């Protein structure tokens, strides 16, 4: 199965959403989490990519 355009960033969008949930302290409010509709910018996703890279580099 091949990757369609954008699949490589899917995990980054998930991570960004998880960071937003933690930042907003809404871990116990699924209704609020599921109604978050603001799109993430390229800068938001690049920030997650940078954070992941820094984390992995610390482990290596």
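Among the helices (runs of 4 or more DSSP H) confined to the chain, the ones with at least 3 residues that are surrounded by 10 or more Cβ atoms within 10 Å (Cβ to Cβ), modelled with pLDDT of 80 or more and out of contact with any helix residue (DSSP H, G or I) (no Cβ under 7 Å at 6 or more places or on another chain) are located at 42-59. Taking first residues from segment 24-51 that are over 19 Å from residue 9 (Cα atoms) and partners that are part of a helix (DSSP H, G or I) and at pLDDT below 85, the Cβ contacts under 6 Å between residues at least 6 apart in sequence or on separate chains come to 26/32; 26/33; 33/21.
The values are calculated or read from the model by the stated rules, or taken from the named source; none is laboratory data. Nothing here was measured: the structure is a model prediction, and the numbers come from that model. Glycine also receives a Cβ, built like all others from the backbone with ideal geometry; neighbour counts cover every protein chain displayed.
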